[in-house]
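One structure is given here, and the rest of the page talks about it.
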Amino acid sequence: MITLKSEDEIDLMRKAGHIVAKTIQLLRGKIRPGISTKELDDIARDSIISLGGVPAFKDYKGFPANICTSINEEVVHGIPSEKRLLKEGDIISLDIGVDFNGYFADSAVSIIVGEVKGSIKKLLDVTRDSLYLGIRKARPGNHLFDISSAIQNFVEANGFSVVREFVGHGIGKSLHESPEIPNFGKPGTGPILQKGMVLAIEPMVNMGSWEVEFLDNQWTAITKDRKPSAHFEHTIVVREGSPEILTN
């Protein structure tokens, strides 16, 4: 069942989203060749706690870290490690969730370490732009898969592929709620969107095939063809006018 959120609930999620956004902003300034993903995880944990939140991913279904740090061909759920040092030309995708007084917000961003060739930059630009095209479809009266179709059509028109193994989701009192939001689908289908729905929309886009497989840690998904992947996400509220992004 898809639950509609009250303004009081949305306000708590907005505060959670503010913590997420501030933490991502902080991490952006720390990313450089030579830094470990464990150090980024520690910085994120300290930032979230200092701002009054709780890291939502820590111990969630057994996940061992505070944030996800996925590098290059890692699509999602990369586990921070002291042994993983960023290098010039890497892509790092940061996925961060926060619990604030029992309500959640979730966001992700992919960042280039130093300088990279044009095709990598295009991958990130297209993934980010597809997120905002999807968000624009999150209006009352539209169908859920209008979001999905907007993302898929734009990504594939630019020569990339959307991951099918993972989807966006509703969010609120739980980190993952109904509905699931695929990044592919037929427009005009799926549940009708209503004011007060809160959604985490998150395209994951691969440079090559959409297929993924899992590392031995059973968490981290990587592209089957080992080509790079990018991931962007915002938590948004369906409004009468334009949707509101809570993780800005």
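The values are calculated or read from the model by the stated rules, or taken from the named source; none is laboratory data. Predicted model only: the values in this text are computed from it and were never measured. Please note: Cβ atoms are built from the backbone with ideal geometry, for glycine as well, and neighbour counts cover all protein chains shown. Just the protein is used for accessible areas: all its heavy atoms, side chains included, with ligands, DNA and RNA removed. Shrake-Rupley method; radii C 1.70, N 1.55, O 1.52, S 1.80 Å.
Against the list (1) open to solvent by less than 40 Å² (accessible area, probe 1.4 Å); (2) touching a Ser or Thr at 6+ places or on another chain (Cβ under 7 Å); (3) of a type in the set (D, E, K, R), the condition Lys5 fails is (2). Residues of region 226-248 being under 29 Å from Glu211 (Cα atoms) and in a loop (DSSP other than H, G, I, E, B), which ones? Arg226, Lys227, Pro228, Phe232, Thr247 - these are the residues of region 226-248 that are under 29 Å from Glu211 (Cα atoms) and in a loop (DSSP other than H, G, I, E, B).
For region 55-75, filtered to residues that are at positive phi and assigned to a loop (DSSP other than H, G, I, E, B), the residue that is surrounded by the most Cβ atoms within 10 Å (Cβ to Cβ) is Asn72. If you filter region 171-181 down to residues that are outside any loop (DSSP other than H, G, I, E, B) and of a type outside the set (Val, Ile, Thr), you find that the one that is farthest from Val198 (Cα to Cα) is Glu180. Of the residues that make up region 108-118, is at least one surrounded by fewer than 20 Cβ atoms within 10 Å (Cβ to Cβ), farther than 29 Å from Val198 by Cβ and either in contact with a Ser or Thr (Cβ under 8 Å, 6 or more places away or on another chain) or in contact (Cβ under 8 Å) with a residue 40 or more places away in the chain (or both)? There is at least one residue in region 108-118 that is surrounded by fewer than 20 Cβ atoms within 10 Å (Cβ to Cβ), farther than 29 Å from Val198 by Cβ and either in contact with a Ser or Thr (Cβ under 8 Å, 6 or more places away or on another chain) or in contact (Cβ under 8 Å) with a residue 40 or more places away in the chain (or both). Scanning region 28-39 for residues that are part of a helix (DSSP H, G or I) and in contact with a strand residue (DSSP E or B) (Cβ under 6 Å, 6 or more places away or on another chain) gives a single hit, Thr37. Screening the candidates Ile79, Ile111 for the property of being more than 14 Å from Phe57 (Cα to Cα) and β-branched (Val, Ile, Thr) yields one hit, Ile111.
The residues in region 24-49 that are surrounded by 20 or more Cβ atoms within 10 Å (Cβ to Cβ) and over 18 Å from Asp99 (Cβ atoms) can be counted, and the count is 3.
Select, from Asp41, Asp59, the only residue that is modelled with pLDDT of 95 or more and closer than 24 Å to Leu199 by Cα. None of the others qualify; the one that does is Asp59.
Scanning region 88-99 for residues that are open to solvent by 40 Å² or more (accessible area, probe 1.4 Å), closer than 30 Å to Pro140 by Cβ, among the small types (Gly, Ala, Ser) and touching a residue at least 24 places away in the same chain (Cβ under 8 Å) turns up nothing.
Taking into account only those residues within region 225-243 that are open to solvent by 10 Å² or more (accessible area, probe 1.4 Å) and of a type in the set (Gly, Ala, Ser), which is nearest to Tyr132 (Cα to Cα)? Among those that are open to solvent by 10 Å² or more (accessible area, probe 1.4 Å) and of a type in the set (Gly, Ala, Ser), it is Ser242. Residues in region 127-170 that are closer than 18 Å to Ile71 by Cα and either aliphatic (A, V, I, L, M) or part of a helix (DSSP H, G or I) (or both): Thr127, Arg128, Val162, Val163.
Scanning region 151-166 for residues that are under 17 Å from the mean Cα position of the chain (by Cα) and open to solvent by less than 60 Å² (accessible area, probe 1.4 Å) yields Ile151, Gln152, Val155, Ser161, Val162, Val163, Phe166.
The set of residues in region 129-145 being surrounded by 16 or more Cβ atoms within 10 Å (Cβ to Cβ) and either in contact (Cβ under 8 Å) with a residue 40 or more places away in the chain or within 16 Å of Lys186 (Cα to Cα) (or both) consists of Ser130, Leu131, Leu133, Gly134, Ile135, Lys137, Ala138, Arg139, Asn142, His143, Leu144, Phe145. One residue is enough: does region 199-211 have a residue meeting the conditions more than 18 Å from Val126 (Cα to Cα) and without any contact (Cβ under 8 Å) to a residue 60 or more places away in the chain? Yes, some residue in region 199-211 is more than 18 Å from Val126 (Cα to Cα) and without any contact (Cβ under 8 Å) to a residue 60 or more places away in the chain. Test each condition in (1) open to solvent by 30 Å² or more (accessible area, probe 1.4 Å); (2) part of a strand (DSSP E or B) for Ile79 and report the one that comes out false. Against the list (1) open to solvent by 30 Å² or more (accessible area, probe 1.4 Å); (2) part of a strand (DSSP E or B), Ile79 comes up short only on (2).
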